[in-house]
Amino acid sequence: MDSTHAPGTRARRRTVTAALAAAGLALTAGLTACGNAAEVREPGTGVDRDGRSIGLLLPDDTNRFNAFDRPLFEQRVAELCAHCEVESASAQADVATQQQQVDAMITKGVRVLVLDAVDSRSLRSSVERAREAGIEVVAYDRLVEGPISAYVSFDGERVGRLQGEALLRALGDRARDGQIVMMNGAATDPNSAWFKRGALAALEGRVAIGKAYDTAEWLPVNAHMNMSGAIASLGADSIDGVYSANDGLAAGIISALKSAKIRPLPPVTGQDADLAGIQRIVAGEQYMTVYKPFRQEAYAAAEMAVALVRGQRPDGVATGTVDSPTTRDIPSVLLTPVSVTAGDIEKTVIKDGMYTVDQICTPKYAADCERAGLTP
């Protein structure tokens, strides 16, 4: 893992412990020995806190959050704290909805709030209100601004670097005189800046970037529109590859390339190992994705939340610290992402139980799976 994971990451970042590297992400003994931990300060009176209640606010209803993050988080909390209750909600990608959900959690008196912010800046005032009410806030996946108590995500710069390096491998000798389109995510998401920084570290000076976009709201339809504009501007024969920050954007990009009747498709990157993205990789439409073991992320967040419920600092789970624009030395866990191309599917997402061969190899992709050596 690179030593610079995010702006302000401390040089003193500790090596990930063996306990974190293990799939179970076991808690240290201090988590169960409540009396030995430092008490977390309550800065305001607010409403009465329910000492066993944890709120989980997710940004949208994508398959990732419904199938992995939420159930894994709830499972780990139940394992660690039989009397804890988790109440979750999705913002449907709407900032105002998520702000209202934070207010509802404050009113209900949750003890800890795990927040994956739709917009990291716009949710700052909501985080401040929660903290004033005595609620500990754990930033999940995105580093929301405001007085948060802990942060769990993946190494964003490493994600971008993996994508950029994979794209260069796919281009081979064409990179020297070639040209790519760069399709990053929403400018309001701090992860986007980290992905871009890592990607540019790999790409700059090695391939020309003909067009670059920040895709509003991470929507595939916006990626399709941007890609169509790039094709019109650069020419269908002048695009040798596409850096796509995630699989959703890759879907929009590939649909635009197909609409322009570009054959063969240039290599396109991705992230999140969405089922549709894995199927596109099997079919040869998308070159790669970045697999982020969601179990580790959800478990780490659950362990931090339970520690805070018990009045402990999350330091026993954290592997280092990061700084946000508003808060310094935030206890953090930044996990290591994994590059996945067609030859890696079986030893990554299938081996880890994210998908089965049957889920990937539907009748539409049966022939592609056979060529890729994926058989039930």
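The values are calculated or read from the model by the stated rules, or taken from the named source; none is laboratory data. Everything quoted here is computed from the prediction, not taken from an experiment. Every residue, glycine as well, gets a Cβ built from its backbone with ideal geometry; the counts of neighbours run over all protein chains shown.
For region 115-130, which residues satisfy the criterion of being touching a Gly at 6+ places or on another chain (Cβ under 7 Å) and touching a residue at least 60 places away in the same chain (Cβ under 8 Å)?
If the condition is that a residue be touching a Gly at 6+ places or on another chain (Cβ under 7 Å) and touching a residue at least 60 places away in the same chain (Cβ under 8 Å), then Arg124 is the only one that fits.
Conditions tested, residue by residue: (1) acidic (Asp, Glu); (2) touching a Ser or Thr at 6+ places or on another chain (Cβ under 9 Å); (3) in contact (Cβ under 8 Å) with a residue 24 or more places away in the chain.
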position: Asp173; (1), (2), (3): yes, no, no
position: Thr188; (1), (2), (3): no, yes, yes
position: Asn191; (1), (2), (3): no, yes, yes
position: Leu200; (1), (2), (3): no, no, yes
position: Met227; (1), (2), (3): no, yes, yes
position: Ala232; (1), (2), (3): no, no, no
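Say whether the condition of being at pLDDT 95 or above, under 21 Å from Gly134 (Cα atoms), over 18 Å from the mean Cα position of the chain (by Cα) and of a type in the set (A, V, I, L, M, F, W, C) is met by at least one residue in region 64-78.
Yes, region 64-78 contains at least one residue that is at pLDDT 95 or above, under 21 Å from Gly134 (Cα atoms), over 18 Å from the mean Cα position of the chain (by Cα) and of a type in the set (A, V, I, L, M, F, W, C).
Which ranges mark the helices (runs of 4 or more DSSP H) fully within region 117-226 that have 2 or more residues being among the acidic types (Asp, Glu) and either more than 29 Å from Arg295 (Cα to Cα) or at pLDDT 95 or above (or both)?
Working: elements: 124-132, 156-171, 174-177, 190-203.
Qualifying helices (runs of 4 or more DSSP H): 124-132, 156-171.
For region 200-251, name all the residues that are surrounded by fewer than 15 Cβ atoms within 10 Å (Cβ to Cβ) and on the phi > 0 side of the Ramachandran plot.
Gly205, Gly235
Among the residues in region 316-334, are any closer than 17 Å to Leu162 by Cβ and either crowded, with 22+ Cβ neighbours inside 10 Å or in the same structural domain as Leu80 (by TED's automatic domain parsing) (or both)? First the steps, then the outcome.
Quick first cut of region 316-334, residues closer than 17 Å to Leu162 by Cβ only: 334.
Then keep just the ones that are either crowded, with 22+ Cβ neighbours inside 10 Å or in the same structural domain as Leu80 (by TED's automatic domain parsing) (or both); that gives 334.
Scanning region 316-334, I find at least one residue that is closer than 17 Å to Leu162 by Cβ and either crowded, with 22+ Cβ neighbours inside 10 Å or in the same structural domain as Leu80 (by TED's automatic domain parsing) (or both), so the answer is yes.
Every residue, every condition in (1) under 27 Å from Ser339 (Cβ atoms); (2) outside the structural domain of Glu87 (by TED's automatic domain parsing); (3) surrounded by fewer than 24 Cβ atoms within 10 Å (Cβ to Cβ), yes or no:
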| site | (1), (2), (3) |
| --- | --- |
| Lys108 | no, no, yes |
| Leu113 | no, no, no |
| Arg121 | no, no, yes |
| Ala130 | no, no, no |
| Val137 | no, no, no |
| Arg142 | yes, no, yes |
| Gly160 | yes, yes, no |
